[in-house]
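Computed from the coordinates by the stated procedures, all read-outs in this text should not be read as laboratory data. What you see is a predicted model; the values in this text were computed from it and never measured. Glycine also receives a Cβ, built like all others from the backbone with ideal geometry; neighbour counts cover every protein chain displayed.
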Amino acid sequence: MLFRSYIEFLRDVGRHFSVNQMLTRDSVKTRMETGLSFLEFNYMILQAYDFLMLNRDYDCRLQVGGSDQWGNICSGIDLCRRVSRAEVFGLTYPLIATASGEKMGKTAAGAVWLDAGRTSPYEFFQYWVNVDDRDVSRFLRLYTLLSPARITELEGLQGADIRTAKAALAREVTTLVHGADAAAAAESAARAAFGGGGDAESIPSSRHAASEFAGDGLALLDVLTGVGLVESKGEARRLVRQGGVRVNGEAVADEQRRLTAVDVQDGRIVLQLGKKRHHHLRLGE
């Protein structure tokens, strides 16, 4: 069932959907007050068609997702029944949210990825070290294989000592995802970044030729966006104005700041955003 255009798709697949029924689905209903584009409204049809094709071509009979996907999954079940008379199933589970109510997922701002190419082991480790104090106990039980006795012991920590529990959480989850060596390197890099000794080699970094910093050097805003510390120059400017950008430990106040050979210390320039994000510009091809 291939289509040459979206119009054909809506004609042949969309006819199986009732607008009234679509409006009752939570994925649509919860967006009606804040605004929903026509394309977003049709996402349900696309996801249902995806289930239909997976069932037809690969005998997929179960779709699993977060509880916010219940309506879309049910639409897929209905489409499979209508078109192929196939019996398929859906399974949903409660969404995992932080204590602030934010959903943990790839569409959320500041998402953490399992792929080291998207989130480095160091950044992954730092994510768990910096979770809200209220989330530590729950995340220890959800994401680690620590014994109940050890988790209970960590849950009893209060005040500044809760950092020990966060470190244990970060160490365990990073080990599960990236391995013990990567976890140890990330923890060592974190100690180095925050002045507690350790090895800084695992801190996210990029290589630059010395010639790049000759003369007028590079614009700081361009570097911040280029290495992925911020998504736009606008965000970089805002952080500078708020005093959230440091070069070699010193706060930057000038949006026109440039990085030159003078900034190179021990073969690198250390960039820091806020208290959590670090990046080293290393000299060398």
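Let me have the relative contact order for the stretch 6-93, percent, based on Cα pairs under 8 Å that are six or more residues apart. Present the calculation step by step, with values, prior to reporting the outcome.
Details: 85 pairs, mean separation 25.8, N = 88.
This gives 29 percent for the stretch 6-93.
Where Rh is the Kirkwood radius over the Cα pairs of the stretch 6-93, the temperature 4 °C and the viscosity 1.567 mPa s, what D in µm²/s does Stokes-Einstein return?
Reported coefficient: 98 µm²/s.
Determine the sum of side-chain charges near residue 16: Lys and Arg each +1, Asp and Glu each -1, restricted to other residues whose C-beta is under 12 angstrom from that of residue 16.
Taking every Cβ under 12 Å from that of residue 16, the sum is +2.
Along the Cα→Cβ direction, 7 angstrom out, place labels at residue 246 and residue 6. What is the inter-label distance in nm?
4.7
Using 7 Å Cα-to-Cβ label points, what is the residue 222/residue 238 separation (nm, one decimal)?
Here the modelled spin labels are 2.4 nm apart.
Each residue of the stretch 259-273 in order: what ³J(HN,Hα) in whole Hz does its phi give by Karplus 6.51 cos²θ - 1.76 cosθ + 1.60, θ = phi - 60°, with x for Gly and Pro?
3J(HN,Hα) across the stretch 259-273, in whole Hz: 9, 10, 4, 5, 7, 6, 10, 6, x, 7, 10, 9, 9, 9, 10.
What is the projected area of the convex hull of the Cα atoms of the stretch 130-248, averaged over all directions, in nm²? Let's see the in-between values first.
Numbers: hull surface 39.5 nm².
Answer in nm², one decimal: 9.9.
Under 15 Å from the Cα of residue 275, which aspartates and glutamates turn up, not counting those fewer than eight places away in the same chain?
List returned: 123, 132, 250.
Roughly what % of DSSP beta bridges within the chain run antiparallel, to the nearest 5?
Once the DSSP bridges in the chain are tallied, antiparallel ones form about 60 percent.
Compute the signed sum of charges (Lys and Arg +1, Asp and Glu -1) over the other residues within less than 15 Å, Cβ to Cβ, of residue 4. Intermediate values should be presented prior to the final figure.
On the way: positive: 11; negative: 8, 12.
That sum, taken over residues with Cβ under 15 Å, equals -1.
Counting only residues 5 or more places away or on other chains, whose amide H sits under 5 Å from the amide H of residue 63 once H atoms are built in the peptide plane?
The answer is 89, 90, 91.
Run the dipole for the chain about the Cα centre, Lys and Arg Cβ at +1, Asp and Glu Cβ at -1, nothing else charged, and hand back the magnitude in debye, nearest 20.
On the way: 35 positive and 36 negative charges, 141 e Å.
Using Cβ point charges on Lys, Arg, Asp and Glu, the chain gives about 680 debye.
List the GluC sites (Glu not before Pro) within the stretch 22-113 that DSSP assigns to loop and that have no more than 14 neighbouring Cβ atoms inside 10 Å.
33, 87, 102
State, to one decimal in nm², a quarter of the convex hull surface area for the C-alpha atoms of the chain, i.e. the direction-averaged projected area. Let's see the in-between values first.
Values: hull surface 82.8 nm².
Projected area, direction-averaged: 20.7 nm².
Can you compute the modelled spin-label distance between residue 39 and residue 15, with each label point 7 Å from Cα toward Cβ, in nm?
Result for the modelled spin labels: 2.7 nm.
Can you work out the FRET efficiency for the pair residue 53 and residue 155, with r the C-beta to C-beta distance and R0 = 30 Å, to the nearest 0.05? Before the final figure, lay out the partial values.
Numbers: r = 46 Å, r/R0 = 1.53.
So the FRET efficiency works out to roughly 0.05.
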